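Report on one structure; see the data block that follows.
The values are calculated or read from the model by the stated rules, or taken from the named source; none is laboratory data. The model shown is predicted, which means the values in this text are computed figures rather than measured ones. No Cβ is skipped: glycine too gets one built from the backbone with ideal geometry, and neighbour counts run over all protein chains shown. Remember, those area values only see protein heavy atoms, side chains included, never the ligands or the DNA or RNA. Shrake-Rupley method; radii C 1.70, N 1.55, O 1.52, S 1.80 Å.
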Amino acid sequence: MRSADERPRAQGGDGPGARPLASAGAGGFVERHGLWDERQHVAAGQVRRVIDELGLDKVRFSFADQHGVLRGKTLTREAVPGALRSGVTAPSSLLLKDTSGRTVFPVFSGGGLADGRFAGAGDIVLVPDMTTFRVLPWAERTGWILCDLYHPDGTPAAFCSRGLLRGRLAALADAGYDLTVGVELEFHVYRPAAEGSVPVAPGRPGAPGPAPEVEPLTSGSQLLHEEGLDRLDDLVDLLYRGLTGLDLPLRSLELEFGPSQLELTLDARDAAQAADDALLARAAVRQICRRNGYHATFMSRPATAETASSGWHLHQSLRSRATGEAAFDPAPGSVPDPAPGSVPDSAPGEPLSPVGRHYLAGLLEHAPAATVFTTPTVNGYKRYLPMSLAPDRVVWGIDNKGAMVRVIGARGEGGARLENRSGEPAANPYLYIASQVVSGMDGMARRLDPGPPTTDPYDAGARGLPGSLDQALNALDADPVFAKALGQDVVSWFTTIKRAEFARYLAHVSDWEQREYFDLV
(Lines give C-alpha, C1' and ligand atoms only; values in the text may rest on other atoms or scores of the structure.)
Protein backbone atom coordinates (compact mmCIF):
# COMPACT_ATOMS: atom_id res chain seq x y z
CA MET A 1 0.00 0.00 0.00
CA ARG A 2 1.33 3.45 -0.82
CA SER A 3 1.90 5.88 2.01
CA ALA A 4 -0.75 8.47 2.65
CA ASP A 5 1.16 11.30 0.97
CA GLU A 6 1.49 9.24 -2.23
CA ARG A 7 -2.22 8.56 -2.64
CA PRO A 8 -4.26 9.84 -5.61
CA ARG A 9 -5.67 13.31 -5.23
CA ALA A 10 -9.31 13.68 -4.25
CA GLN A 11 -11.83 14.89 -6.75
CA GLY A 12 -11.91 18.65 -6.98
CA GLY A 13 -8.41 19.39 -5.64
CA ASP A 14 -7.90 21.86 -2.78
CA GLY A 15 -11.17 23.28 -1.63
CA PRO A 16 -11.73 27.02 -1.49
CA GLY A 17 -11.04 28.30 1.98
CA ALA A 18 -9.69 24.95 3.18
CA ARG A 19 -8.29 25.28 6.69
CA PRO A 20 -5.18 23.44 7.91
CA LEU A 21 -6.07 20.45 10.03
CA ALA A 22 -5.06 20.87 13.64
CA SER A 23 -2.51 18.49 15.09
CA ALA A 24 -3.89 15.35 16.68
CA GLY A 25 -2.15 16.41 19.88
CA ALA A 26 -1.56 14.16 22.84
CA GLY A 27 -3.13 12.98 26.03
CA GLY A 28 -6.22 11.29 24.60
CA PHE A 29 -7.56 7.75 24.76
CA VAL A 30 -5.09 6.48 22.15
CA GLU A 31 -1.97 7.73 23.94
CA ARG A 32 -3.25 6.97 27.42
CA HIS A 33 -3.63 3.27 26.55
CA GLY A 34 -0.63 3.03 24.23
CA LEU A 35 -2.70 1.92 21.23
CA TRP A 36 -0.42 3.31 18.49
CA ASP A 37 3.13 2.33 17.69
CA GLU A 38 5.64 4.56 15.90
CA ARG A 39 4.34 3.46 12.50
CA GLN A 40 0.84 4.64 13.39
CA HIS A 41 2.10 8.02 14.61
CA VAL A 42 4.08 8.55 11.40
CA ALA A 43 1.05 7.59 9.30
CA ALA A 44 -1.13 9.99 11.32
CA GLY A 45 1.18 12.87 10.37
CA GLN A 46 0.96 11.88 6.71
CA VAL A 47 -2.84 11.66 6.89
CA ARG A 48 -3.12 15.14 8.40
CA ARG A 49 -0.95 16.49 5.60
CA VAL A 50 -3.04 14.75 2.90
CA ILE A 51 -6.28 16.06 4.39
CA ASP A 52 -4.85 19.60 4.32
CA GLU A 53 -3.37 19.33 0.82
CA LEU A 54 -6.52 17.89 -0.75
CA GLY A 55 -8.96 19.97 1.23
CA LEU A 56 -10.93 16.95 2.40
CA ASP A 57 -14.18 17.86 4.16
CA LYS A 58 -15.12 14.47 5.61
CA VAL A 59 -13.51 11.24 6.79
CA ARG A 60 -15.35 7.96 7.28
CA PHE A 61 -14.27 6.03 10.38
CA SER A 62 -15.40 2.45 9.72
CA PHE A 63 -15.14 -1.02 11.23
CA ALA A 64 -16.18 -4.52 10.19
CA ASP A 65 -19.09 -5.90 12.17
CA GLN A 66 -19.59 -9.62 12.80
CA HIS A 67 -21.11 -10.04 9.33
CA GLY A 68 -18.22 -8.37 7.54
CA VAL A 69 -20.35 -5.28 6.87
CA LEU A 70 -18.86 -1.83 7.36
CA ARG A 71 -20.30 0.30 10.17
CA GLY A 72 -19.11 3.66 11.43
CA LYS A 73 -19.43 7.42 11.34
CA THR A 74 -18.55 10.21 8.92
CA LEU A 75 -16.71 13.01 10.71
CA THR A 76 -16.09 16.56 9.55
CA ARG A 77 -12.50 17.74 9.13
CA GLU A 78 -12.85 19.76 12.33
CA ALA A 79 -13.69 16.58 14.26
CA VAL A 80 -10.86 14.49 12.85
CA PRO A 81 -8.09 15.65 15.28
CA GLY A 82 -10.23 14.67 18.26
CA ALA A 83 -10.91 11.27 16.68
CA LEU A 84 -7.19 10.72 16.21
CA ARG A 85 -6.61 11.51 19.89
CA SER A 86 -9.49 9.64 21.46
CA GLY A 87 -11.19 7.52 18.81
CA VAL A 88 -14.88 7.53 17.93
CA THR A 89 -17.59 6.04 20.12
CA ALA A 90 -20.39 3.79 18.89
CA PRO A 91 -23.01 1.58 20.58
CA SER A 92 -21.56 -1.76 21.58
CA SER A 93 -24.85 -3.41 20.58
CA LEU A 94 -23.68 -3.15 16.95
CA LEU A 95 -21.64 -6.28 17.69
CA LEU A 96 -24.66 -8.16 19.00
CA LYS A 97 -27.04 -7.96 16.03
CA ASP A 98 -28.06 -10.54 13.46
CA THR A 99 -28.28 -9.72 9.77
CA SER A 100 -31.72 -8.12 10.20
CA GLY A 101 -30.39 -5.53 12.65
CA ARG A 102 -32.05 -7.17 15.65
CA THR A 103 -30.01 -7.33 18.87
CA VAL A 104 -30.19 -10.98 19.93
CA PHE A 105 -28.75 -10.59 23.44
CA PRO A 106 -30.57 -9.08 26.46
CA VAL A 107 -28.13 -6.18 26.78
CA PHE A 108 -30.26 -3.94 28.98
CA SER A 109 -30.45 -6.60 31.67
CA GLY A 110 -26.76 -7.41 31.39
CA GLY A 111 -26.91 -10.77 29.70
CA GLY A 112 -23.60 -11.92 31.18
CA LEU A 113 -21.85 -11.48 27.83
CA ALA A 114 -18.06 -10.93 28.03
CA ASP A 115 -18.17 -10.33 31.79
CA GLY A 116 -20.92 -7.75 31.39
CA ARG A 117 -18.91 -5.48 29.07
CA PHE A 118 -21.91 -5.08 26.74
CA ALA A 119 -24.49 -4.40 29.44
CA GLY A 120 -26.74 -1.44 28.78
CA ALA A 121 -25.61 -1.17 25.14
CA GLY A 122 -22.81 1.12 26.31
CA ASP A 123 -20.08 2.42 24.05
CA ILE A 124 -17.19 0.82 22.28
CA VAL A 125 -14.36 2.98 20.94
CA LEU A 126 -13.30 2.96 17.29
CA VAL A 127 -9.52 3.57 17.17
CA PRO A 128 -8.32 4.40 13.65
CA ASP A 129 -5.60 2.31 12.04
CA MET A 130 -3.79 5.15 10.31
CA THR A 131 -2.04 2.83 7.86
CA THR A 132 -5.39 2.06 6.20
CA PHE A 133 -6.27 5.66 5.26
CA ARG A 134 -7.54 6.18 1.73
CA VAL A 135 -9.13 8.94 -0.31
CA LEU A 136 -12.41 7.77 -1.82
CA PRO A 137 -12.31 8.06 -5.63
CA TRP A 138 -16.12 8.20 -5.95
CA ALA A 139 -17.07 10.53 -3.06
CA GLU A 140 -16.01 14.15 -3.27
CA ARG A 141 -13.49 15.36 -0.67
CA THR A 142 -13.93 12.26 1.49
CA GLY A 143 -11.40 10.05 3.26
CA TRP A 144 -11.85 6.49 4.52
CA ILE A 145 -10.13 4.73 7.38
CA LEU A 146 -10.55 1.35 9.07
CA CYS A 147 -10.71 1.13 12.84
CA ASP A 148 -10.07 -1.38 15.59
CA LEU A 149 -12.49 -1.74 18.47
CA TYR A 150 -11.75 -1.22 22.16
CA HIS A 151 -13.70 -1.14 25.39
CA PRO A 152 -13.69 2.18 27.29
CA ASP A 153 -11.00 0.83 29.64
CA GLY A 154 -8.59 0.47 26.71
CA THR A 155 -8.77 -3.32 26.37
CA PRO A 156 -9.46 -4.81 22.93
CA ALA A 157 -13.19 -5.26 22.30
CA ALA A 158 -14.18 -8.86 22.93
CA PHE A 159 -15.77 -9.44 19.52
CA CYS A 160 -13.70 -7.32 17.12
CA SER A 161 -13.26 -9.70 14.18
CA ARG A 162 -10.24 -7.76 12.88
CA GLY A 163 -8.56 -8.23 16.24
CA LEU A 164 -9.51 -11.91 16.37
CA LEU A 165 -7.70 -12.53 13.09
CA ARG A 166 -4.60 -10.68 14.28
CA GLY A 167 -4.56 -12.85 17.40
CA ARG A 168 -4.54 -16.04 15.32
CA LEU A 169 -1.85 -14.68 12.99
CA ALA A 170 0.29 -13.83 16.03
CA ALA A 171 -0.07 -17.43 17.24
CA LEU A 172 0.95 -18.64 13.78
CA ALA A 173 3.97 -16.31 13.87
CA ASP A 174 4.96 -17.78 17.23
CA ALA A 175 4.95 -21.18 15.52
CA GLY A 176 7.38 -19.81 12.93
CA TYR A 177 5.18 -18.99 9.95
CA ASP A 178 3.42 -16.15 8.14
CA LEU A 179 0.26 -16.62 6.07
CA THR A 180 -0.17 -15.30 2.55
CA VAL A 181 -3.71 -15.07 1.17
CA GLY A 182 -5.08 -14.54 -2.32
CA VAL A 183 -8.72 -13.51 -2.82
CA GLU A 184 -11.17 -14.48 -5.59
CA LEU A 185 -14.66 -13.02 -5.09
CA GLU A 186 -17.61 -13.81 -7.32
CA PHE A 187 -20.61 -11.48 -7.30
CA HIS A 188 -23.68 -10.40 -9.28
CA VAL A 189 -24.46 -6.99 -10.74
CA TYR A 190 -27.98 -6.13 -11.93
CA ARG A 191 -29.84 -3.10 -13.15
CA PRO A 192 -32.99 -2.03 -11.29
CA ALA A 193 -36.17 -3.15 -13.01
CA ALA A 194 -37.65 0.33 -12.61
CA GLU A 195 -36.04 3.50 -13.94
CA GLY A 196 -33.96 5.42 -11.45
CA SER A 197 -32.17 4.24 -8.35
CA VAL A 198 -32.69 0.98 -6.50
CA PRO A 199 -36.00 1.34 -4.60
CA VAL A 200 -35.87 1.54 -0.83
CA ALA A 201 -38.67 -0.13 1.11
CA PRO A 202 -39.13 0.37 4.85
CA GLY A 203 -38.29 -2.51 7.17
CA ARG A 204 -37.86 -3.04 10.87
CA PRO A 205 -35.44 -5.01 13.02
CA GLY A 206 -36.13 -8.68 12.46
CA ALA A 207 -38.17 -8.03 9.31
CA PRO A 208 -36.21 -6.31 6.52
CA GLY A 209 -38.17 -4.80 3.66
CA PRO A 210 -38.57 -6.51 0.28
CA ALA A 211 -35.54 -6.97 -1.95
CA PRO A 212 -35.16 -4.61 -4.92
CA GLU A 213 -36.62 -5.74 -8.22
CA VAL A 214 -33.78 -6.15 -10.70
CA GLU A 215 -32.99 -7.36 -14.21
CA PRO A 216 -29.84 -9.23 -15.32
CA LEU A 217 -27.17 -7.52 -17.39
CA THR A 218 -26.18 -10.75 -19.18
CA SER A 219 -28.00 -13.95 -20.11
CA GLY A 220 -25.51 -16.41 -18.63
CA SER A 221 -23.48 -19.32 -20.04
CA GLN A 222 -20.78 -16.82 -20.97
CA LEU A 223 -17.75 -17.87 -18.91
CA LEU A 224 -14.79 -15.63 -19.84
CA HIS A 225 -16.56 -14.56 -23.04
CA GLU A 226 -14.57 -11.55 -24.19
CA GLU A 227 -17.35 -9.96 -26.23
CA GLY A 228 -19.76 -10.45 -23.33
CA LEU A 229 -17.38 -8.59 -21.02
CA ASP A 230 -16.90 -5.89 -23.66
CA ARG A 231 -20.65 -5.23 -23.53
CA LEU A 232 -20.15 -4.43 -19.83
CA ASP A 233 -17.12 -2.24 -20.44
CA ASP A 234 -18.67 0.85 -18.84
CA LEU A 235 -19.28 -1.12 -15.64
CA VAL A 236 -15.86 -2.78 -15.78
CA ASP A 237 -14.19 0.61 -16.18
CA LEU A 238 -16.12 2.05 -13.21
CA LEU A 239 -15.01 -0.85 -11.02
CA TYR A 240 -11.43 -0.73 -12.26
CA ARG A 241 -11.05 2.96 -11.56
CA GLY A 242 -12.72 2.74 -8.18
CA LEU A 243 -10.82 -0.30 -6.90
CA THR A 244 -7.41 0.77 -8.15
CA GLY A 245 -8.10 4.30 -6.91
CA LEU A 246 -8.35 2.77 -3.43
CA ASP A 247 -4.87 1.22 -3.86
CA LEU A 248 -6.43 -2.23 -3.82
CA PRO A 249 -4.25 -4.84 -5.58
CA LEU A 250 -6.79 -5.61 -8.31
CA ARG A 251 -5.56 -8.40 -10.55
CA SER A 252 -8.54 -9.10 -12.82
CA LEU A 253 -12.22 -8.48 -13.52
CA GLU A 254 -13.82 -11.48 -15.23
CA LEU A 255 -17.16 -12.54 -16.67
CA GLU A 256 -18.41 -15.62 -14.85
CA PHE A 257 -20.82 -18.34 -15.97
CA GLY A 258 -24.14 -17.20 -14.49
CA PRO A 259 -26.44 -14.35 -15.57
CA SER A 260 -25.03 -11.01 -14.39
CA GLN A 261 -22.19 -12.82 -12.62
CA LEU A 262 -18.66 -11.43 -12.42
CA GLU A 263 -15.49 -12.16 -10.47
CA LEU A 264 -12.71 -9.97 -9.14
CA THR A 265 -9.33 -11.28 -8.06
CA LEU A 266 -6.76 -9.57 -5.85
CA ASP A 267 -3.03 -10.18 -5.68
CA ALA A 268 -1.85 -12.39 -2.83
CA ARG A 269 -0.80 -10.44 0.25
CA ASP A 270 -0.10 -10.80 3.94
CA ALA A 271 -3.25 -12.33 5.45
CA ALA A 272 -4.22 -9.32 7.61
CA GLN A 273 -3.89 -6.97 4.65
CA ALA A 274 -5.75 -9.38 2.35
CA ALA A 275 -8.69 -9.41 4.78
CA ASP A 276 -8.81 -5.60 4.74
CA ASP A 277 -8.63 -5.71 0.93
CA ALA A 278 -11.60 -8.07 0.67
CA LEU A 279 -13.67 -5.99 3.07
CA LEU A 280 -12.99 -2.74 1.22
CA ALA A 281 -13.39 -4.30 -2.24
CA ARG A 282 -16.89 -5.54 -1.46
CA ALA A 283 -17.97 -2.20 -0.02
CA ALA A 284 -16.43 -0.36 -2.96
CA VAL A 285 -18.18 -2.52 -5.57
CA ARG A 286 -21.56 -2.02 -3.94
CA GLN A 287 -21.16 1.74 -3.49
CA ILE A 288 -19.77 2.33 -6.98
CA CYS A 289 -22.56 0.30 -8.55
CA ARG A 290 -25.29 2.02 -6.55
CA ARG A 291 -24.02 5.48 -7.49
CA ASN A 292 -24.11 4.50 -11.17
CA GLY A 293 -27.54 2.90 -11.36
CA TYR A 294 -26.62 -0.74 -10.71
CA HIS A 295 -27.29 -3.15 -7.86
CA ALA A 296 -24.35 -5.35 -6.80
CA THR A 297 -24.69 -8.23 -4.38
CA PHE A 298 -22.28 -10.70 -2.81
CA MET A 299 -25.18 -12.95 -1.81
CA SER A 300 -24.14 -16.45 -2.86
CA ARG A 301 -27.30 -17.60 -4.63
CA PRO A 302 -29.76 -14.83 -5.52
CA ALA A 303 -33.17 -15.87 -6.82
CA THR A 304 -32.02 -15.23 -10.39
CA ALA A 305 -28.87 -17.37 -10.05
CA GLU A 306 -30.23 -20.87 -10.50
CA THR A 307 -27.48 -21.73 -12.98
CA ALA A 308 -24.44 -20.51 -11.02
CA SER A 309 -23.97 -19.52 -7.40
CA SER A 310 -21.16 -17.23 -6.28
CA GLY A 311 -18.25 -18.41 -4.17
CA TRP A 312 -15.18 -17.02 -2.44
CA HIS A 313 -12.09 -19.04 -3.31
CA LEU A 314 -9.44 -18.42 -0.66
CA HIS A 315 -5.84 -19.16 -1.65
CA GLN A 316 -3.43 -19.67 1.23
CA SER A 317 0.19 -20.58 1.79
CA LEU A 318 2.75 -20.34 4.56
CA ARG A 319 6.25 -18.90 4.58
CA SER A 320 8.95 -19.55 7.10
CA ARG A 321 9.64 -16.50 9.25
CA ALA A 322 13.21 -17.66 9.70
CA THR A 323 14.13 -18.04 6.02
CA GLY A 324 11.30 -16.50 4.00
CA GLU A 325 10.98 -19.74 2.02
CA ALA A 326 7.66 -21.17 0.88
CA ALA A 327 6.73 -23.74 3.53
CA PHE A 328 4.29 -25.72 1.37
CA ASP A 329 6.76 -26.39 -1.44
CA PRO A 330 7.90 -30.01 -1.81
CA ALA A 331 11.55 -30.84 -2.22
CA PRO A 332 13.39 -34.00 -3.33
CA GLY A 333 13.95 -36.66 -0.69
CA SER A 334 12.05 -37.62 2.39
CA VAL A 335 13.03 -36.61 5.89
CA PRO A 336 11.23 -36.53 9.27
CA ASP A 337 9.07 -33.53 10.13
CA PRO A 338 11.20 -30.46 10.85
CA ALA A 339 11.34 -28.17 13.81
CA PRO A 340 8.68 -25.41 13.87
CA GLY A 341 9.50 -22.54 11.53
CA SER A 342 11.79 -24.50 9.22
CA VAL A 343 10.99 -25.60 5.69
CA PRO A 344 10.98 -29.39 5.19
CA ASP A 345 11.72 -31.78 2.40
CA SER A 346 9.09 -34.21 1.17
CA ALA A 347 8.85 -37.49 -0.68
CA PRO A 348 9.33 -37.44 -4.47
CA GLY A 349 6.13 -36.78 -6.35
CA GLU A 350 4.36 -35.18 -3.42
CA PRO A 351 2.55 -31.90 -4.26
CA LEU A 352 3.15 -30.54 -0.75
CA SER A 353 5.77 -30.58 1.97
CA PRO A 354 4.92 -32.34 5.26
CA VAL A 355 3.97 -28.99 6.78
CA GLY A 356 1.65 -28.37 3.83
CA ARG A 357 0.08 -31.82 4.21
CA HIS A 358 -0.49 -31.27 7.95
CA TYR A 359 -2.04 -27.85 7.34
CA LEU A 360 -4.24 -29.30 4.60
CA ALA A 361 -5.30 -32.14 6.89
CA GLY A 362 -6.34 -29.59 9.50
CA LEU A 363 -8.55 -27.81 6.97
CA LEU A 364 -10.25 -31.10 6.17
CA GLU A 365 -10.52 -32.26 9.79
CA HIS A 366 -12.29 -29.09 10.91
CA ALA A 367 -14.16 -28.23 7.70
CA PRO A 368 -17.68 -28.87 9.07
CA ALA A 369 -17.11 -26.59 12.06
CA ALA A 370 -15.22 -23.96 10.04
CA THR A 371 -18.17 -23.77 7.62
CA VAL A 372 -19.95 -21.47 10.11
CA PHE A 373 -17.24 -18.91 9.30
CA THR A 374 -16.66 -19.72 5.62
CA THR A 375 -20.40 -19.87 4.84
CA PRO A 376 -22.23 -17.88 7.53
CA THR A 377 -25.56 -17.25 5.79
CA VAL A 378 -28.61 -19.44 5.32
CA ASN A 379 -28.39 -18.79 1.60
CA GLY A 380 -24.78 -19.94 1.18
CA TYR A 381 -25.65 -23.60 1.74
CA LYS A 382 -27.80 -23.62 -1.38
CA ARG A 383 -24.52 -23.40 -3.29
CA TYR A 384 -23.27 -26.82 -2.13
CA LEU A 385 -24.40 -28.87 -5.12
CA PRO A 386 -22.79 -31.84 -6.87
CA MET A 387 -21.17 -31.37 -10.27
CA SER A 388 -21.35 -27.59 -9.92
CA LEU A 389 -17.73 -26.40 -9.49
CA ALA A 390 -18.76 -25.80 -5.88
CA PRO A 391 -17.81 -28.45 -3.32
CA ASP A 392 -20.28 -30.47 -1.30
CA ARG A 393 -17.77 -33.00 0.11
CA VAL A 394 -14.80 -32.70 2.48
CA VAL A 395 -12.10 -33.85 0.07
CA TRP A 396 -8.93 -32.49 -1.51
CA GLY A 397 -7.60 -32.85 -5.00
CA ILE A 398 -4.61 -31.90 -7.09
CA ASP A 399 -5.74 -29.05 -9.37
CA ASN A 400 -9.32 -30.38 -9.12
CA LYS A 401 -11.91 -27.62 -9.05
CA GLY A 402 -14.65 -29.89 -7.74
CA ALA A 403 -12.76 -30.58 -4.50
CA MET A 404 -13.24 -28.54 -1.35
CA VAL A 405 -9.49 -27.88 -1.21
CA ARG A 406 -7.61 -27.66 -4.47
CA VAL A 407 -3.84 -28.11 -4.22
CA ILE A 408 -1.97 -25.99 -6.73
CA GLY A 409 1.67 -26.90 -7.20
CA ALA A 410 4.56 -24.47 -7.39
CA ARG A 411 4.57 -22.71 -10.76
CA GLY A 412 7.44 -20.46 -11.79
CA GLU A 413 7.90 -17.94 -9.01
CA GLY A 414 4.67 -18.98 -7.27
CA GLY A 415 4.93 -21.45 -4.42
CA ALA A 416 2.56 -24.33 -3.77
CA ARG A 417 -0.73 -23.21 -2.26
CA LEU A 418 -4.11 -24.43 -1.11
CA GLU A 419 -7.36 -23.07 -2.53
CA ASN A 420 -10.37 -23.53 -0.24
CA ARG A 421 -13.38 -23.38 -2.55
CA SER A 422 -16.07 -23.81 0.12
CA GLY A 423 -16.52 -20.18 1.16
CA GLU A 424 -19.26 -17.78 0.14
CA PRO A 425 -18.49 -14.18 -0.91
CA ALA A 426 -20.58 -12.74 1.93
CA ALA A 427 -18.31 -14.22 4.63
CA ASN A 428 -16.62 -11.94 7.15
CA PRO A 429 -13.06 -11.94 5.75
CA TYR A 430 -11.41 -11.83 9.17
CA LEU A 431 -13.36 -14.76 10.53
CA TYR A 432 -13.04 -16.76 7.29
CA ILE A 433 -9.26 -16.45 7.31
CA ALA A 434 -9.04 -16.96 11.07
CA SER A 435 -10.96 -20.23 10.72
CA GLN A 436 -8.34 -21.45 8.25
CA VAL A 437 -5.50 -20.57 10.62
CA VAL A 438 -7.20 -22.33 13.54
CA SER A 439 -7.81 -25.45 11.45
CA GLY A 440 -4.42 -25.54 9.77
CA MET A 441 -2.49 -24.95 12.97
CA ASP A 442 -4.26 -27.84 14.67
CA GLY A 443 -3.34 -30.06 11.74
CA MET A 444 0.28 -28.98 12.07
CA ALA A 445 0.35 -29.40 15.85
CA ARG A 446 -1.10 -32.92 15.67
CA ARG A 447 0.72 -33.80 12.44
CA LEU A 448 -2.50 -34.94 10.81
CA ASP A 449 -2.45 -36.66 7.43
CA PRO A 450 -4.95 -35.68 4.71
CA GLY A 451 -4.92 -39.07 3.02
CA PRO A 452 -4.72 -39.47 -0.76
CA PRO A 453 -6.16 -36.89 -3.16
CA THR A 454 -9.58 -37.55 -4.62
CA THR A 455 -10.24 -38.37 -8.23
CA ASP A 456 -14.01 -38.14 -7.67
CA PRO A 457 -14.79 -34.99 -5.65
CA TYR A 458 -18.54 -35.69 -5.64
CA ASP A 459 -18.21 -39.30 -4.46
CA ALA A 460 -21.38 -40.05 -2.49
CA GLY A 461 -19.33 -42.04 0.02
CA ALA A 462 -17.14 -39.10 1.02
CA ARG A 463 -17.88 -37.03 4.12
CA GLY A 464 -20.25 -34.21 3.20
CA LEU A 465 -20.10 -30.56 4.07
CA PRO A 466 -22.96 -29.37 6.31
CA GLY A 467 -26.21 -29.12 4.40
CA SER A 468 -27.49 -26.11 6.31
CA LEU A 469 -26.35 -23.37 8.67
CA ASP A 470 -27.98 -25.32 11.49
CA GLN A 471 -25.87 -28.41 10.75
CA ALA A 472 -22.73 -26.27 10.61
CA LEU A 473 -23.53 -24.69 13.98
CA ASN A 474 -23.95 -28.13 15.50
CA ALA A 475 -20.57 -29.13 14.06
CA LEU A 476 -18.95 -26.05 15.57
CA ASP A 477 -20.46 -26.81 18.97
CA ALA A 478 -18.99 -30.33 18.75
CA ASP A 479 -15.48 -29.19 17.76
CA PRO A 480 -13.49 -27.90 20.78
CA VAL A 481 -10.57 -26.59 18.71
CA PHE A 482 -12.29 -23.30 17.86
CA ALA A 483 -13.36 -22.61 21.44
CA LYS A 484 -9.80 -23.26 22.59
CA ALA A 485 -8.25 -21.01 19.93
CA LEU A 486 -10.78 -18.17 19.79
CA GLY A 487 -12.30 -18.46 23.26
CA GLN A 488 -15.61 -20.00 24.29
CA ASP A 489 -17.13 -16.52 24.63
CA VAL A 490 -16.38 -15.80 20.97
CA VAL A 491 -17.84 -19.09 19.75
CA SER A 492 -20.96 -18.65 21.91
CA TRP A 493 -21.40 -15.06 20.73
CA PHE A 494 -21.23 -15.96 17.05
CA THR A 495 -23.34 -19.12 17.27
CA THR A 496 -26.04 -17.28 19.26
CA ILE A 497 -26.31 -14.66 16.52
CA LYS A 498 -26.38 -17.25 13.76
CA ARG A 499 -28.93 -19.46 15.54
CA ALA A 500 -31.19 -16.42 15.85
CA GLU A 501 -30.96 -15.90 12.09
CA PHE A 502 -31.68 -19.54 11.39
CA ALA A 503 -34.70 -19.50 13.71
CA ARG A 504 -36.14 -16.52 11.82
CA TYR A 505 -35.55 -18.38 8.56
CA LEU A 506 -37.44 -21.44 9.80
CA ALA A 507 -40.33 -19.28 11.04
CA HIS A 508 -40.73 -17.53 7.69
CA VAL A 509 -43.48 -18.77 5.36
CA SER A 510 -41.70 -18.98 2.02
CA ASP A 511 -42.99 -18.52 -1.50
CA TRP A 512 -42.36 -22.25 -2.06
CA GLU A 513 -44.63 -23.22 0.83
CA GLN A 514 -47.36 -20.89 -0.37
CA ARG A 515 -47.25 -22.32 -3.89
CA GLU A 516 -46.97 -25.93 -2.72
CA TYR A 517 -49.72 -26.11 -0.11
CA PHE A 518 -52.06 -23.11 -0.20
CA ASP A 519 -54.32 -24.42 -2.95
CA LEU A 520 -53.59 -28.14 -2.55
CA VAL A 521 -54.70 -28.56 1.05
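A few remarks follow.
- Only Lys, Arg, Asp and Glu carry charge here, each on its Cβ (+1 for the first two, -1 for the last two); on that basis the chain has a dipole of about 1280 debye about its Cα centre.
- Here is the tail figure for region 60-101: Cα pairs spaced more than 11 Å apart come to 68 percent of all pairs.
- Rounded if a/c under 1.5, otherwise prolate or oblate - region 425-465, Cα gyration tensor axes: oblate
- Computed from Cα atoms alone, the Kirkwood hydrodynamic radius reported for region 417-491 is 14.4 Å.
- Heavy-atom accessible surface of the chain: percent carbon and sulfur, 1.4 Å: 51 percent
- Of all DSSP beta bridges confined to region 361-430, the antiparallel ones make up roughly 60%.
- Within region 26-163, the ratio Rg/Rh, alpha carbon atoms throughout and Rh by Kirkwood, equals 0.99.
- Accessible area in square angstrom per residue, region 365-465, 1.4 angstrom probe: 35 Å²
- Using the 1.4 Å probe convention, the accessible area of region 142-197 works out to 32 Å² per residue with neighbouring protein chains retained.
- Rounded to whole Å, sorted largest first: equivalent-ellipsoid semi-axes of region 400-441, Cα gyration tensor: 21, 13, 10
- Taking every alpha-carbon pair in the chain and binning the separations at 10 Å intervals from zero gives 4, 17, 28, 28, 17, 5, 1, 0 percent.
- Taking every lysine pair in the chain that is 8 or more places apart or spans two chains, those with Cα atoms closer than 26 Å amount to 9.
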